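Worksheet: one structure, shown below.
Each value in this text was obtained by applying a stated rule to the coordinates, not by laboratory testing. None of the values given here were measured: they were computed from a predicted structure. Here the Cβ positions follow ideal geometry from the backbone for every residue, glycine too, while neighbour counts run over all protein chains shown.
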Amino acid sequence: MSAAIRDFAPALAAQIDKISQLPFIRYVNETVWIFAIVETAHLLFLAILGGAVLILNLRLLGATLGGLPAREVERATRPWLITGIAGTVATGFAMGLTAVNTMLGSAAFLVKMVALVAAILFSLAVVRAARRDDPATADAGAGGSVLAVFATIWWLASLWLFMAGEGLRSGAFLVALAGFVLFAALTTRWRRLYLLGLAAILGGGILAVEWISGDGAQGPVWLPFAPIIGATALVAAVSALERREPGRVASSPARLTAFASTLAWITVAAAGRWIGFS
């Protein structure tokens, strides 16, 4: 299966095709240095956006800047977040117009657009959580919860498209790997054991899959997913151990939202890098 915007919305794709034939757009398409400038600006805005998102999300996860109230971190990163989102969307739209035929037929581009909606919604929910007096223990409020629910739906849809798209499964694997590593921020006493076990499962599993495939053997259907299955089982086991710790405080909705927000933005970045390979 390979789904792209042309497959889901052929009428919309036809209208965008007409826009791409406008003289100005055609001139930009034929002028290499203009596209280079737009793409460079797009990457710079992505770096700004990524920095703002990660700083606030990692603060809510308790991984950094623990001495600063989350609302202060949110206030400091807010201008960069807004600038990053606005610049990324504007330059991304410009890039899309200059390479419309490639984008409309790219399954990875559709994944990126769906994940982008989820990531922006998650970021809005994180901002609401950070503005509360005690976001480490309080939730994001009713509005934040609604945003998080809709963001989760969009993000799961983007992951499904990533996994189902031909040639895109490697990108989905990288998102899963990032999630397993990031889960360490939600652990306390069992963090070191978790990271050692994760390295053993993923490293050993990937080497085993490569060794079997290298001999030309097909193996069972589930074999390529064995490292993911093992890492997921490890996450479940460590979560159970963490919950049994005396005085253990369950992860707040704000921390879980920050966790999902980080993965959503990683999904956007991974899909963006896969556009050229799909």
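How far apart, in nm, are the 7 Å Cα→Cβ label points at V146 and L195?
Output for this residue pair reads 4.0 nm.
If I take R0 = 51 Å and measure r between the Cβ atoms of V89 and A240 in this structure, what FRET efficiency does the formula 1/(1 + (r/R0)^6) give, to the nearest 0.05?
On the way: r = 41 Å, r/R0 = 0.80.
The value I calculate is 0.80.
Give the calculated FRET efficiency between R78 and A184 to the nearest 0.05, with a Förster radius of 35 Å applied to their Cβ-Cβ distance. Intermediate results must be reported in sequence, preceding the final value.
On the way: r = 27 Å, r/R0 = 0.78.
Computed FRET efficiency for R78 and A184: 0.80.
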